[in-house]
1. Which one of these is among the small types (Gly, Ala, Ser), at pLDDT 95 or above and closer than 30 Å to Phe434 by Cα: Ala277, Ala242, Ala218, Ala222?
2. Kindly check whether there is at least one residue in the stretch 440-453 that is assigned to a loop (DSSP other than H, G, I, E, B), modelled with pLDDT of 95 or more, charged (D, E, K, R) and under 22 Å from Gly640 (Cα atoms).
3. Can you tell me how many residues in the stretch 423-439 are touching an Asp or Glu at 6+ places or on another chain (Cβ under 7 Å) and either in a loop (DSSP other than H, G, I, E, B) or more than 19 Å from Arg462 (Cβ to Cβ) (or both)?
4. Considering only the stretch 1-28, state which residues are in contact (Cβ under 8 Å) with a residue 40 or more places away in the chain and part of a strand (DSSP E or B).
5. Inside the stretch 454-468, can you point out the residues that are crowded, with 22+ Cβ neighbours inside 10 Å and either part of a loop (DSSP other than H, G, I, E, B) or among the polar types (S, T, N, Q) (or both)?
6. Identify, from the list Ala87, Ala83, Ala116, Ala107, the residue that is closer than 26 Å to Val47 by Cα, in contact (Cβ under 8 Å) with a residue 12 or more places away in the chain and either among the aromatic types (Phe, Trp, Tyr) or buried (at least 24 other Cβ atoms within 10 Å of the Cβ) (or both).
7. What's the number of the only condition in (1) hydrophobic (A, V, I, L, M, F, W, C); (2) surrounded by 14 or more Cβ atoms within 10 Å (Cβ to Cβ); (3) at negative phi that Ala194 fails to meet?
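The values are calculated or read from the model by the stated rules, or taken from the named source; none is laboratory data. Since we're looking at a predicted model, the values are computed, not measured. Quick reminder, even Gly has a Cβ in these numbers, built from the backbone with ideal geometry, and neighbours come from all protein chains shown.
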Amino acid sequence: MNASVSTCVRDGIAVITLDNPPVNALSAALRAGVKSAVEQAIADPAVQALVLICAGRTFVAGADISEFGKPAQEPSFLDVFDAIEFASKPVIAAIHGTALGGGFELALVCHYRVAASSAKVGLPEVNLGILPGAGGTQRLPRVVGAEKALEIMTSGRLLDAGEALALGLIDKVEQGDLLGSAVAFAREIVGSGAACPRIRDREDRTVADRSDPAIFDAFRRANAHRFRGFKAPEGIVKAVEAAVTLPFEEGMAREAALFEALVSSTESAAQRHLFFAERGTAQVPDVPSATPTIAIETVGVIGAGTMGGGIAMNFLNAGIPVTMVEMTQAALDRGIGIIRRNYEASAAKGRMTQEQVDARMALITPALSIDVLGQADLIIEAVFESMEVKRQVFSQLDRIAKPGSILASNTSFLDLNQIAAATQRPEAVVGLHFFSPANVMRLLEVVRGEHTSAEVIATAMRLARRIGKVPVLSRVCPGFIANRLLAPRGYQADALALEGTPVQAIDQALTDYGFAMGHFQMMDLVGLDVVGRDATSRTVMGDLVAADRLGQKKNGGYYDYDERRQATPSPVAAKIIADVAAATGVEQKPVSDPQLLLERLLLPVVNEGARILEENVALRAGDIDVAAVLGYGWPVFTGGPMFWANTIGIEQVVVGLDQLASEHGDAFRPSPLLVGMAAKGEVF
């Protein structure tokens with residue numbers, strides 16, 4: 001009947017199987033197959049009920065988002081859903097894997113839902129800058145109530161089968177044979193009268209919510225900070241308001257209008273861009289997917305400090321044993337103690353059990369000599385950022401590591417090729433640059449040395465996914481991708497401050513754009529003694545440190561802080577900035593226009609991104625955007641610096657840089673790549 005849909009009848013129950021690998025996305029072809037199969041089963045007098053089930057590893061995991069922005073293809077979601085919802089025979093969804101977005105909306109139009117105990121369901125469209133557009137915003141509140149529906153949809157979180165059962169979104173959870181259970185459930189329904197209840201007809205929850213209209217404004221207020229800059233959450237709130245206050249069909253029309261407004265927005269385009277970009281980072285043109293990889297079953301981590309401990313936790317979380325090496329027993333005990341405290345804090349918050357804490361801690365083997373790492377499959381050094389120290393470590397590793405072991409450096413800035421040259425096996429050396437805190441931040445820069453083998457690169461990219469990271473491949477250059485990319489923003493923030501622009505105005509321009517914090521706020525949080533310890537000339541940061549102003553941790557930094565660490569402008573810091581400006585002869589020309597501040601701070605970032613592409617340091621503009629968003633908190637709803645450049649126009653970027661260059665010098669001169677793109681009307 002359809003290459004992706006098949007039907008067989010089992011004792012009066014039509015089993016309709018959807019098979020559209022890899023995730024059974026609801027493409028136009030699959031929709032057509034489902035609609036046809038349902039209509040034929042309804043017309044067949046031998047069929048008493050229908051079971052919808054999916055082949056492969058998951059139920060329908062969502063719409064085919066590659067269709068977004070293209071002319072609509074028939075049949076529509078609503079055509080298919082109407083065929084199911086208004087069927088004269090019971091339709092049961094049998095869910096395994098994940099039923100997400102349009103897939104869960106498909107399940108909600110079925111009359112009943114049976115799920116495997118391992119299944120998860122959810123409506124995560126908010127992560128794409130849209131709302132559930134096939135009735136999800138209208139049906140979910142009718143089952144769980146408006147407040148719970150708002151929480152589920154605006155968070156985009158997934159619900160396990162147990163929670164979904166408790167909320168009434170699933171009728172039965174099956175531990176074993178899902179298909180057999182669904183067919184047996186269908187026979188029970190037929191035997192008890194073949195009722196076909198429709199969620200759209202339920203009124204009990206909407207009537208109750210209608211009596212408390214304040215819940216919507218209260219939800220907006222409670223989540224104002226979290227939703228800042230995003231359009232989709234407000235669209236979801238408005239759609240759920242419609243579900244509560246309007247008849248179902250009018251609510252559906254309201255949902256459709258809100259969906260169309262969101263899907264055509266820049267914010268949604270930006271979020272969809274990042275969705276695809278994240279999934280594309282692992283694709284390396286000269287390292288095909290069939291490239292052999294190295295089995296990683298044991299890991300060594302050299303250094304039990306903040307980075308080393310965080311790195312180790314990633315592998316412990318994935319069930320991979322870690323041998324942690326330090327120079328002294330005190331440092332080793334301190335590092336392992338911090339790991340345990342981190343896990344126990346998670347357990348105290350209910351995020352893991354004490355048994356899981358103990359199991360992960362049992363995977364750590366402490367050691368005081370790297371000689372014990374001889375049989376490790378992967379060894380990661382996380383020692384002091386010194387070329388001399390790192391080369392010494394790698395020379396020792398070359399002597400003791402087994403053949404085939406991967407030798408990795410967590411360097412954030414140093415030349416990986418020089419580090420690899422300290423060994424006789426540069427093909428085995430790779431950069432694994434974790435971002436701090438390493439057990440939390442999702443970005444992992446995989447740095448490809450001049451001689452790094454394809455097998456090592458393929459292994460690193462795959463291993464990143466295994467430990468929950470998003471890998472971005474970088475060639476060797478100072479700072480690699482993320483640190484190099486954002487460095488110009490820091491240079492310009494410092495320069496603006498020296499020229500007389502208040503630090504709070506500079507930070508305000510960045511937070512108004514969408515960053516969680518400004519440049520100087522971030523410096524104070526990290527610690528000025530950490531950030532500025534390698535300065536070789538007089539700087540504001542150096543003078544602040546000399547005045548014992550180290551940031552939030554001691555006496556303030558660029559800002560003063562109260563006991564709750566709330567920042568206020570600092571007269572002390574302002575005087576230090578003015579003194580350094582006078583001593584270094586910086587002309588005072590403060591900038592008050594927020595748009596000019598933003599251009600000064602961010603256009604150089606775009607320019608640096610273009611240079612990173614010109615030099616083949618990054619494979620794709622999308623990789624740069626992912627690195628900026630995941631590594632430095634670039635606002636998701638802008639899509640990253642390169643996507644943002646597209647939205648304002650490459651020609652305008654070049655014009656802005658030319659203007660800045662005329663005022664401030666060649667540091668702002670637009671890259672040849674940008675100039676060429678502007679001339680041709682191209683985008684990243």
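1. None of the others qualify; the one that does is Ala277.
2. yes
3. 3
4. Arg10, Ile13, Val15, Leu18, Leu26
5. Scanning the stretch 454-468 gives a single hit, Thr459.
6. Ala107
7. (3)
Residue by residue, here is whether (1) assigned to a loop (DSSP other than H, G, I, E, B); (2) in contact with a helix residue (DSSP H, G or I) (Cβ under 6 Å, 6 or more places away or on another chain) holds:
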| residue | (1), (2) |
| --- | --- |
| Glu278 | no, yes |
| Ala282 | yes, yes |
| Ala290 | yes, no |
| Glu297 | yes, no |
